[in-house]
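Okay, here's the structure, questions in a sec.
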Amino acid sequence: MRTGKREKDRRADGENRLLPPVFFEIALILLVAFHFAVPSARIVHFPYRWGGVVCIVLGITINLWADRLFKKEQTTVKPNERPAVLVTSGPFRFSRHPMYWGMTLILLGAAVLSGSLCSFLFPILFMIVMLKAFIPLEEKNLEDAFGQEYVNYRNRVRF
């Protein structure tokens with residue numbers, strides 16, 4: 001079966017690239033699998049493990065809040081696409097990448113909830129992947145799209 005030119009163009013543009021939610025899902029699945037399959041020390045004990053629920057709820061809240069703002073402004077959430085609007089309100093007042101922080105908080109919450117030492121590896125690995133694979137691309141796209149406006153925002157708002 002031949003691949004059409006349009007499909008090749010989409011691949012070249014990175015449309016079929018794995019996106020952060022896929023890495024988040026993989027990290028969450030691996031976190032749970034390692035918790036049950038790889039014996040490791042319990043470093044968080046009851047009742048402190050319930051603190052993980054707080055992290056999970058906070059992470060979900062941040063992600064939903066940020067996603068709602070993207071939809072309201074009718075701009076893309078995908079880091080490999082050119083944004084139409086520079087969103088600087090809501091959680092973007094405090095962080096340029098609140099959705100990555102939200103996903104990391106969910107993973108951290110799952111690690112705390114499990115209490116297993118090996119579980120804490122996955123929030124760290126997830127954030128490393130975001131820092132290396134997605135954030136530089138996203139920040140370049142934002143600077144290309146918004147120029148000095150984005151540079152000013154980047155200088156004003158931390159990671």
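We did not get these values from a lab; they are worked out from the coordinates using the rules stated. No experiment lies behind these values; they were computed from the predicted model shown. A quick note on method: Cβ atoms are made from the backbone with ideal geometry, for glycine too, and the neighbour counts reach across all protein chains shown.
Restricting segment 49-75 to residues that are among the polar types (S, T, N, Q) and under 15 Å from the mean Cα position of the chain (by Cα), which is surrounded by the most Cβ atoms within 10 Å (Cβ to Cβ)?
Filtering segment 49-75 down to residues among the polar types (S, T, N, Q) leaves 61, 63, 74-75.
Then keep just the ones that are under 15 Å from the mean Cα position of the chain (by Cα); that gives 61, 63.
Working: T61: 13, N63: 21.
Selected residue: N63.
For segment 106-134, which positions are surrounded by 18 or more Cβ atoms within 10 Å (Cβ to Cβ) and free of Cβ contacts under 8 Å to residues at least 40 places away in the same chain?
M127
Of all residues in segment 76-105, how many are of a type in the set (V, I, T), crowded, with 20+ Cβ neighbours inside 10 Å and in contact (Cβ under 8 Å) with a residue 60 or more places away in the chain?
Total meeting the criteria: 0.
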